[in-house]
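I have placed the structure first, in the form of structure tokens, so that the comments after it can refer back to it.
A short reminder: the numbers here are calculations on the coordinates, not readings from a lab. Small disclaimer: the values here were computed from a predicted structure and weren't measured. Cβ placement follows ideal geometry from the backbone for every residue including glycine, while neighbour counts extend to all protein chains displayed.
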Amino acid sequence: MKSSQPPFPSSHLDSTSDTDSDDHEHGPRLTVTQEDQLKVESQVAEIYRCLVGIPLHRQSVALELWRDKHIEYLTKGLNQLGHTFQVLDANRPWLCYWILHSFAVLGEEVDSELESRVVDFLSRCQDKEGGYAGGPGQMPHLATTYAAVNTLVNLGTQKALSSINREGIYKFLLEMKDSSGAFRMHHAGEVDARSCYCAISVASLLKIIDDDLVRGIGDYIASCQTYEGGIGGEPHSEAHGGYTFCGLASMILIDEVEKLDMASLIGWVASRQGIELGFQGRANKLVDGCYSFWQGAALVLAQKLLPLAEKVSEEQSSIHAIRDYSDIGIEFMRRGNQTGLLFHHLALQQYIILCSQILEGGFRDKPGKFRDYYHTCYCLSGLSLCQYSMRDGDLKPSPSDILGPYSNLLEPVHPLYNVVLDKFFLANEFFSKNSF
Ligand SMILES: CC(C)=CCC/C(C)=C/CC/C(C)=C/COP(=O)(O)OP(=O)(O)O
Ligand SMILES: [Zn+2]
């Protein structure tokens, strides 16, 4: 059980910002003490010691990413979007996202006729009062709103971006706001760290994020961090990779990371990478390809946060000057890797390519399971994160950070939202020019 002590006592905080009331006067407080740094470094070093003995197959042809096969599988899914998948009838924006995001990460453009069909379909899922439902005529829901918005941002055209009713979404988000400060998934729905992330990610991407949406979330998410170090879905639930990503990404987007115990969060996530080389979602469970993103992204985010290796200069840490929530996503991408690797990025690529990749196209949880679009989306997203996890500025990743041939290189994704990076920049510009 989590103690009532704040995870970072005030002595752990940057001396320029030691009160709660002036966060946005001084910017975020992302520094940690020497003691925290040593703790994380020794935990990560221990995990590395366990993984280095495992031989990696750096030269094997089997390490190739079977792009054409993946595109074939994804194209088949796109052609079925209109008329099958009844079993996923309340999840159709998710299918659009999983398939189109996979396309985007593979660097494939969709043709304008298909783009038009997707935008028109998502417009039919958009509630006239605001928010996106799982299908036309259903009730709006935060998860499908997140999936629809991410799909449209990944498409990135004027038609796609202008189809989003930002004012309606803002009203919908306010209606979903619970007295705890967290969000309900839908009217009378459940409240958890995932709903907070869906709401905050959408609000941040669309640049409609403000104090009324943010108030109370930081305390709610901090109360979901468990004694293990990871974040659970709700207070007192078991730490889980999916919710850990949601909680940490939300905390960054609302500039309240200092409310989390980052040293124990990093230790917990890093310990979830096991001898199979992939990540498990929680302690004592089996590894699964989709956690390459949920757990991998949490560590990629942490790598940009903590100045563990050396103190970041004021110039490098431009995020310290932020006063506006809606610029956090863009400022965050200006930060380089502050810590070195917090996970074994080559080992994870090996799990994804050798264990999750299916040669007929698509990705799966693990050998013995069937492929599906969810795992295809999150395995590709995780693979991209690995490849760019050591990237310096805008330079292409070094060949030594890519397992297999360099032609495996994917498009970079924004680790806070999981949309492709160039489309994130386009959307950021589009929504900066267009007030709602
Ligand atoms: C943006 C968004 C909607 C995020 C969702 C994040 C996410 C993946 C949450 C995990 C949910 C969960 C409890 C899975 C456990 O499944 P399990 O018991 O089948 O799997 P396990 O054995 O691997 O824990
Ligand atoms: Zn999975």
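Put simply, the amide H of Phe279, placed in the peptide plane, has neighbours under 5 Å in Asp288, Ser292, leaving out anything fewer than 5 places away on its chain.
Amide H contacts for Tyr132 (H built 1.01 Å from N in the peptide plane; partners 5 or more residues away or on another chain; cut-off under 5 Å): Asp127, His141, Thr145.
Protection proxy ranking for 154-166, 423-435, using the average of other Cβ atoms within 10 Å per residue and placing the highest first: 154-166, 423-435. Judged by the mean number of other Cβ atoms found within 10 Å, the most tightly packed of the peptides 184-191, 273-280 leads the ranking 273-280, 184-191. The Cα-based radius of gyration of region 65-433, divided by its Kirkwood radius, gives an Rg/Rh of 0.93. Each peptide among 369-377, 242-250, 383-391 gets the average number of other Cβ atoms lying within 10 Å of its residues, and from highest to lowest they stand as 242-250, 383-391, 369-377.
Shown in residue order for region 273-282 are the 3J(HN,Hα) couplings computed by the Karplus curve 6.51 cos²θ - 1.76 cosθ + 1.60 at θ = phi - 60°: 8, x, 5, 6, 5, x, 9, 9, x, 7 Hz (x for Gly and Pro).
Between amide H atoms placed 1.01 Å from N, distances below 5 Å from Gly362 occur with His70, all of them 5 or more places distant or on a separate chain. Rounded to the nearest whole Hz, the Karplus-based 3J(HN,Hα) values (6.51 cos²θ - 1.76 cosθ + 1.60, θ = phi - 60°) of region 206-222 follow the sequence 8, 6, 10, 7, 8, 4, 5, 6, 7, 3, x, 5, x, 5, 4, 5, 4, with x at glycine and proline.
Residue-wise HN-Hα couplings along region 158-164, as the Karplus relation 6.51 cos²θ - 1.76 cosθ + 1.60 with θ = phi - 60° gives them from phi, are 3, 4, 5, 6, 7, 6, 7 Hz; Gly and Pro carry x. Two numbers describe the Cα atoms of region 321-428: Rg and Dmax, which are 15.2, 49 Å.
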